[in-house]
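To start, the structure under review is shown below, and the notes come after it.
The numbers here are math on the coordinates, done by the rules we state, and not lab data. As the structure is a computational prediction, the values presented were derived from the model and not from experiment. Cβ placement follows ideal geometry from the backbone for every residue including glycine, while neighbour counts extend to all protein chains displayed.
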Amino acid sequence: MKRFIGFVAKEFYHIFRDKRTMFILFGMPIAQIMLFGFAITNEINNVNIAIFDKSKDTETQKIINKINASKYFNIDQEITNETQIESVFKKGKVKAVLVFEKDFIKNIQNQKQAKVQVITDATDPNIANTITNYVNAILQNYTLEINKNNKPNYQLETQTQLYYNPEMKSVFTFVPGVMTIILMLVSAMMTSISITREKELGTMEVLLVSPIKPFQVIIGKVFPYIFLSIINATIILLLGFFVFKMPIEGSLFLLAFESVLFIISALSLGILISTVSNSQQTAMMISLFGLMLPVIILSGFIFPISSMPLPMQIISNFIPAKWFIIIIKAVLLKGASLNVIWKETLILIGMTAFFITLSIKKYKIRLE
């Protein structure tokens, strides 16, 4: 019995000594419950909207103040003409525009009725529908307040207009999201496993002492996945276009460039994972729990980032998939050009350069 107790104590000691095992046992569950608890929500909070007030009277200002006071919306800007609406949506920051008709207060006083138009960016149908419902609820509450002492009652008529996805097809959201996940899977996870397999089997040393230069070994290992990922991206886009009737409004060249940029970014992240992994199992765990969950939860693919707590919003900025989803939606559905998505493109380029530099630094002793 003493031998058995000693053996069990030895196993506990080995587990507690291994930092990676301790992280998987205790760090991963804590990280997951925090992610799922705070990030997963169908509600919207702090959504940026724009105001187009043609009337600029006291009543419209009261409504604007009431909307701005709610936790659901932030008034990001005020626009002065209709031509600005599409340009505001293309930038991606504003999700809805509220348009107040001309002579708003006169129409309420004389006709007992006024109109408010709610124009939403429907690239994400669920968010667009939720925004409309929240605005209607605020306007209804405002109507009840002003009708307390008024007979006959005033009425606010809400008109809804959807940009980029008038049929509210959810596939327009899922195709870019699924494409992002697949590219991340094939590029990052498979690359990290491929390199760690060589290290685990001891054949990496054989490759490194061969006439092939170290950087050629790395490029040779990752190049097939660039090619395979491009094929995957092409297949997804073709299926989305021909089967699900998803539009491709922007430049195909820009779309291809951004896709290859994201693939290289994911590949460089996969190489970085391989530098800190000694086995395929470790690389798989880091890829699945360290990449897949953040890609799904913190990229804005399913859950709105603006509704998450501030720490989660900050963390999401370090997820390459977040920026790629913004880019691909802008190019596919909005027909955006590079002058609209230049900031997101520069962020992806910067992340790619960072991952590659860090990977080279980690590999430096081993490869040279």
- Query: Fully extended, how many nm does the chain gain between residue 68 and residue 230 (0.36 nm per residue separation, minus their Cα-Cα distance)?
  - Reply: 53.9 nm
- How far, in nm, would the chain grow between residue 58 and residue 281 when pulled straight, counting 0.36 nm per residue and subtracting the alpha carbon separation? 73.8 nm
- Over all alpha-carbon pairs of region 255-355, lay out the pair-distance distribution in 5 Å bins, whole %, shortest bin first. 2, 12, 20, 22, 21, 13, 6, 2, 1
- If r is the Cβ-Cβ distance from residue 353 to residue 141 and R0 is 56 Å, what FRET efficiency results, to the nearest 0.05? 0.65
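Beta carbons within 10 angstrom, averaged per residue: use that to sort the peptides 220-229, 75-84, 88-97, 184-193, highest first. All intermediate terms of the calculation are to be shown ahead of the outcome.
Values: 220-229: 16.5, 75-84: 12.5, 88-97: 21.2, 184-193: 24.3.
Descending mean neighbour count gives 184-193, 88-97, 220-229, 75-84.
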- Rounded to the nearest 0.05, what FRET efficiency do residue 102 and residue 129 have when you use their Cβ-Cβ distance and R0 = 25 Å? 0.35
- Spherically averaged projected area in nm², based on the convex hull that wraps the Cα atoms of region 119-192: 6.5
- Message: What's the magnitude of the charge dipole for region 52-199 around its Cα centre, counting Lys and Arg as +1 and Asp and Glu as -1 at the beta-carbon? Answer in Debye, nearest 20.
- Response: 280
- Message: Quick query: amide H of residue 155 versus all other amide H atoms, modeled in the peptide plane; which residues come in under 5 Å with a sequence gap of 5 or more or a different chain?
- Response: 113, 114
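What percent do you get for the relative contact order of region 289-330 when only Cα pairs under 8 Å and 6+ apart count? Could the numbers behind the result be given before it?
Values: 32 pairs, mean separation 16.7, N = 42.
About 40 percent, as a whole number.
Starting from 0.36 nm per residue, how many nanometres of slack lie between residue 249 and residue 153 once their C-alpha separation is accounted for? If you can, show how the numbers build up before the last one.
On the way: separation 96, 0.36 × 96 = 34.56 nm, distance 4.53 nm.
Contour length minus the Cα-Cα distance gives 30.0 nm.
Would you mind calculating the relative contact order of region 258-368 from Cα pairs under 8 angstrom and at least 6 residues apart, reporting the percent as a whole number?
Numbers: 89 pairs, mean separation 42.7, N = 111.
Relative contact order, region 258-368: 38 percent.
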- Note on the structure: Counting only residues 5 or more apart in sequence or on a different chain, those whose built amide H sits under 5 Å from that of residue 46 are 72, 73
- What spacing in nm lies between the two simple spin-label points modelled at residue 76 and residue 219, each 7 Å away from Cα in the Cβ direction? 4.1
